[in-house]
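Read the figures in this text as sums done on the coordinates, not as results from a lab. In this text the structure is predicted, and so the values were computed from the model without any measurement. Backbone-built Cβ (ideal geometry, glycine too); neighbour counts: all protein chains shown.
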Amino acid sequence: MTGLLEGKRVLITGVITEASIAFHAARIAQEQGAEVVLTGFGRLRLVERIAQRLPKPAPVIELDVTNQEHLDGLADKIREHVPALDGVLHSIGYAPPSCLGENYMDVPWEDVSVAVHTSAYSMKALAKAVLPLMGQGGSIVGMDFDARVAWSSYNWMGFAKAALENCTKYLARELGKQGIRVNLVAAGPLETMAARSIPGFSDFNNLWTERAPLGWDTSDRTPAAKAICALLSDWFPATTGSMVMVDGGMHAVGD
């Protein structure tokens with residue numbers, strides 16, 4: 001299938017390196033006909049260099065989702081490149097090192113609040129910032145790691161992801177009246193920069209490799225990227241508030 005996103009204008013956040021899921025989502029979105037705008041935070045020049053490696057070089061806007069000034073000016077900065085948006089990918093998450101590992105009980109609220117603000121509340125903040133550009137219809141997609149259960153070492157990041165899942169449902173309810181769909185893609189463990197910060201990440205890899213019914217390749221971001229682009233397209237017109245599992249079927253099996 002080609003042209004799935006023909007004529008669509010899409011904002012992609014979370015590109016850090018070519019290993020980022022967001023980079024592959026941007027690549028496939030362009031291959032499917034979308035006009036893509038990226039956001040970057042911190043290492044902006046690095047993101048700009050990465051943007052040149054897409055099939056078509058994409059503009060990059062600086063965005064710190066915890067900075068209200070950045071959010072307030074986001075719509076105007078996007079308008080410098082495209083007049084409106086049809087889709088948005090929220091691929092943003094961060095937790096201080098104390099929030100990951102085995103020391104769950106002693107993590108202070110100051111650190112937990114950073115994880116929740118950056119990884120969950122930012123979904124609402126980003127949606128509000130781009131809403132003037134979306135009008136009637138469109139799709140917002142977020143990146144998740146299944147938070148329905150407690151994962152070893154994921155700890156307070158799992159808490160933040162659970163908040164993200166709940167935030168998605170409320171956004172779906174709020175934005176449905178404008179025809180805007182809000183969904184999540186819950187990918188299995190993938191070898192990204194964010195994954196490297198999780199103690200014991202190799203244990204996730206081994207678990208998925210051994211038990212996922214379809215198997216799982218932690219270096220292959222394409223399945224997750226394709227799911228993102230499918231949700232950004234018009235092919236899920238009545239799906240919102242949902243979590244699409246892209247994990248080789250791991251979520252469906254027991255011991």
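Once both axes come from the Cα atoms, what is the angle between helix 21-31 and the longest principal axis of the chain, in degrees from 0 to 90, rounded to 10?
With both axes taken from Cα atoms, the answer is about 30 degrees.
Taking a virtual spin label 7 Å from the Cα of E62 along the C-beta vector, which residues in region 77-107 bring their backbone nitrogen under 14 Å of it?
77
Helix 122-134 against the longest principal axis of the chain: what's the angle in degrees, Cα atoms only, rounded to the nearest 10?
The two axes meet at around 20 degrees.
Around I140, under 15 Å between beta carbons, what's the net of Lys plus Arg minus Asp minus Glu among the other residues? Before the final figure, lay out each step's value.
Details: positive: K8, R9, K124, K128, K169, R173, K177, R181; negative: D86, D144, E165, E174, D234.
Computed value for this residue: +3.
What do you get for trypsin sites (Lys or Arg not before Pro) in region 210-255 restricted to DSSP loop and a cutoff of at most 11 other Cβ within 10 Å of the site's Cβ?
Details: sites: R211, R221, K226; in loops: R221.
Here no loop site has a sparse enough neighbourhood.
Looking at this model, which pairs from K8/K77; K128/K226; K124/K177; K124/K226 are more than 22 angstrom apart at the alpha-carbon? List each step's numbers first, then the result.
Numbers: K8/K77 18 Å; K128/K226 25 Å; K124/K177 16 Å; K124/K226 24 Å.
Pairs exceeding the cut-off: K128/K226; K124/K226.
What is the dipole size for the chain, taken about its Cα centre, with +1 at each Lys and Arg Cβ and -1 at each Asp and Glu Cβ, in debye to the nearest 20? Spell out each step's value before the answer.
Numbers: 22 positive and 28 negative charges, 135 e Å.
The calculated dipole for the chain is roughly 640 debye.
Rounded, prolate or oblate: which fits region 30-69 when a ≥ b ≥ c are the square roots of the eigenvalues of the alpha-carbon gyration tensor, with rounded for a/c under 1.5 and prolate only if a/b beats b/c? Provide the component values of the computation, followed by the final result.
On the way: a/c = 3.79, a/b = 1.71, b/c = 2.22.
Because a/c hits 1.5 or more and a/b fails to exceed b/c, region 30-69 counts as oblate.
How much net charge surrounds K8 when only the other residues with a Cβ under 11 Å from the Cβ of K8 are counted, with Lys and Arg +1 and Asp and Glu -1? Don't skip to the end; give the middle numbers.
Numbers: positive: R9; negative: E6, E35, D86, D234.
Local net charge: -3.
Considering only the other residues whose Cβ falls under 13 Å of the Cβ of I78, what net charge follows from Lys and Arg at +1 and Asp and Glu at -1? List each step's numbers first, then the result.
Numbers: positive: R9, K77, R79; negative: E35, E62, D72, D76, E80, D86.
Within the 13 Å Cβ shell, the charges total -3.
Only sites in a loop by DSSP and with at most 14 other Cβ atoms within 10 Å count here; which chymotrypsin sites (Phe, Trp or Tyr not before Pro) in region 205-250 make the cut?
Working: sites: W208, W216, W235; in loops: W216, W235.
Here the chymotrypsin sites (Phe, Trp or Tyr not before Pro) that fit, given the DSSP loop and packing criteria, are W235.
Looking at the square roots a ≥ b ≥ c of the eigenvalues of the Cα gyration tensor of region 56-120, which shape do they give, rounded for a/c under 1.5, prolate if a/b is larger than b/c, or oblate? Can you show the working numbers first?
Values: a/c = 3.65, a/b = 2.56, b/c = 1.42.
In terms of gyration-tensor shape, prolate.
Over the chain, what number does the Rg to Rh ratio reach, with both radii from the alpha-carbon atoms and Rh per Kirkwood?
Numbers: Rg = 17.2 Å, Rh = 18.3 Å.
Expressed as Rg/Rh, it is 0.94.
Where does region 1-95 land on Rg(C-alpha)/(2.2 N^0.38 Å)?
Numbers: Rg = 12.6 Å, N = 95, 2.2 N^0.38 = 12.4 Å.
That ratio works out to 1.01.
How far, in degrees from 0 to 90, does helix 201-211 lean away from the longest principal axis of the Cα atoms of the chain, to the nearest 10?
The helix 201-211 is inclined about 90 degrees to the chain.
Is the shape of region 90-180 best called rounded, prolate or oblate, per the rule: a/c under 1.5 gives rounded, else a/b larger than b/c gives prolate, else oblate, with a ≥ b ≥ c the square roots of the Cα gyration tensor eigenvalues?
Details: a/c = 3.15, a/b = 2.29, b/c = 1.38.
Prolate shape, in that a/c is at least 1.5 and a/b is the bigger ratio.
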